[in-house]
Amino acid sequence: MTIRTKSVTAVVVALAAVGLGGCIHWSNPFASNTHAKYTGKGERIPVMALDDSLRPADALKGVGFYLPDPVLMADWPLPGGTPEQSVENAAAGETFAVAWRAKYGAGSARSTHITAPPIAAGGRIYVMDGAAKVTAYDAASGREIWHVDTALKTRRNHEAWGGGLAFDNGRLFVSSGYRFVSALDAATGKQIWQTHTEAPVHAAPTVSGGRVFVESVDDDLMTFDEGTGVPGWTYQALVEPARLLEATSPAITGDEVVASFASGELVALQTSNGNGLWTAVLSKSNRNSALSELRDIPGRPVVYKGDVYAVSHSGLFAAIDLRTGETRWTLPITSISTPWPAGDVVFVTDTTGHVTCVARQSGQVYWVVDLNKNVKKPKDRADWSGPTLASNRLVLVSSKGEAVALNPKTGALIKSLKITDDALLNPIAAGPDLYVATQNADLIAIR
């Protein structure tokens, strides 16, 4: 069963009893939550007690940090831009003004939900609407090039939603709530192959090394041959009776794939055969609300400079050593977004609209900004998605139809932009533009 904590709420959830596990572990739970100073690689470091509020570290006051220069991203072929789900600083959206917008189909409603981030390749932007229609647009002008209805309606799948897109070698790979994974000719939209799955798929695929990797709603990581669609190995994680609507895509680096699941598990496997390398669980022991019982990690895990960054809905943000699976540090942050590491820091947005800048090595906090600080009524609070670091600015979008650009060194607001639509998916960058897919199925180019 699924639930959405953001503004589009159309799925009923029944919360089953969930055991109260420990904090973070890769094979056995840790015995204590005592504080420790960072002393080197491979040592677990709770940066603060789990009931403490995040606040800037005194040791970092007046201390600067490095951010890489912006780099033009010609393409954004995967949900996170690269197989690692990691892009440092894209050169895009510099003027921060809407260049064009296009309506691409059915938005999120009672029985339709947009879960697919846009992707970009070869001068085209590809999107999937809430009813499984896939459309290709010219990236510069917003002109529609082709569209195809991929909905596979049967007695079993008379009503379905969700899925995502990925691009590789001239092919567009589609995953779907209609229980299939397929490959389309990216030039024309013509189907090349289609393989059925036992369970619906709400997450976008990750394509790397000749394989398509995708997770089903049953927490089954599946692989398919990129050329033929023939199924390969699978990995079954613990199945949770309740999960968030938001879905995640695995991160891949070299011969290692890192996947996150609704159980709060973060698992590293060999890409060739699915053999396990390590497992961590992002689950807080002192959960105190029904929603915190949802251990889901709906944001993508991100691989960056030898570490994996992931954040769970149950309230833990962690940096984990990619090679060993050992936790470097943790912070008490509840999020359904994807962290953004760049240079010396990693940025993360929580479910209340706080954006936090964290030192990658120590887990200490540089700054925290509340994007809802001027909102007086709880019902008027926006849900914020992002960030995306572009042209030396942190870009986030909201459920209230606003995009903001923040100073990444301080969190100060640089510019805001009304995009009018409910936006719950991270902006992507391709060429000079940022692209936002809204819940009303509007594709917006920000130049």
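The values are calculated or read from the model by the stated rules, or taken from the named source; none is laboratory data. Only a predicted model underlies this, so the values are computations on that prediction, with no experimental measurement involved. Please note: Cβ atoms are built from the backbone with ideal geometry, for glycine as well, and neighbour counts cover all protein chains shown. The protein model used for the area step is the full one, side chains on, heavy atoms only, and it has no ligands, DNA or RNA in it. Shrake-Rupley method; radii C 1.70, N 1.55, O 1.52, S 1.80 Å.
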Placed amide H near ALA91: partners under 5 Å, 5+ positions off or other chain
VAL71, LEU72, MET73, SER391
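Just to confirm a number: summing +1 for Lys and Arg and -1 for Asp and Glu over residues other than ASP168 whose beta-carbon lies under 13 angstrom from that of ASP168, what do you get?
Numbers: positive: ARG171, ARG211; negative: ASP75, ASP185, ASP225, GLU226.
Here the charged neighbours net out to -2.
Lys and Arg at +1, Asp and Glu at -1: add these up for the other residues within a Cβ distance under 10 Å of GLN236 and post the number. Please report the intermediate quantities before stating the final value.
Working: positive: none; negative: ASP218, ASP219, ASP220.
So the environment of GLN236 carries a net charge of -3.
A 29 angstrom limit on the alpha carbon distance is what I want to check against. Which of LYS376/LYS418; LYS133/LYS373; LYS61/LYS415; LYS305/LYS376; LYS379/LYS415; LYS305/LYS415 exceed it?
Numbers: LYS376/LYS418 20 Å; LYS133/LYS373 38 Å; LYS61/LYS415 25 Å; LYS305/LYS376 41 Å; LYS379/LYS415 24 Å; LYS305/LYS415 31 Å.
The answer is LYS133/LYS373; LYS305/LYS376; LYS305/LYS415.
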Using alpha-carbon pairs under 8 Å, 6+ residues apart, how would you state the relative contact order of the stretch 120-195 in percent?
20 percent
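Give me the net charge for the shell around VAL346: Cβ to Cβ below 15 angstrom, other residues only, Lys and Arg +1, Asp and Glu -1.
Values: positive: ARG300, LYS305, ARG328, ARG360, LYS409; negative: GLU84, GLU88, ASP307, ASP321, ASP344, ASP350.
Within the 15 Å Cβ shell, the charges total -1.
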I need the phi-derived Karplus couplings for the stretch 435-447: 6.51 cos²θ - 1.76 cosθ + 1.60, θ = phi - 60°, integer Hz, Gly and Pro marked x.
10, 10, 9, 8, 6, 8, 6, 9, 9, 10, 9, 10, 9
With a 1.4 Å probe and all protein chains kept in place, how much accessible area does ASP370 have, in Å² rounded to the nearest 10?
40 Å²
Quick one: which of 227-239, 55-67, 330-342 comes out on top by average Cβ neighbours within 10 Å, and what's the full order, highest first?
330-342, 227-239, 55-67
Cα Rg, Dmax (largest Cα-Cα span) when computed across the stretch 298-381, Å:
13.3, 46
Rounded to the angstrom and largest first, Cα extents along the principal axes for the stretch 128-218 equal 38, 31, 19
Quick one: Cα convex hull volume of the stretch 401-447, Å³ per residue?
80 Å³
Could you tell me the accessible area of THR253 in Å² (1.4 Å probe, neighbours in place), rounded to the nearest ten?
40 Å²
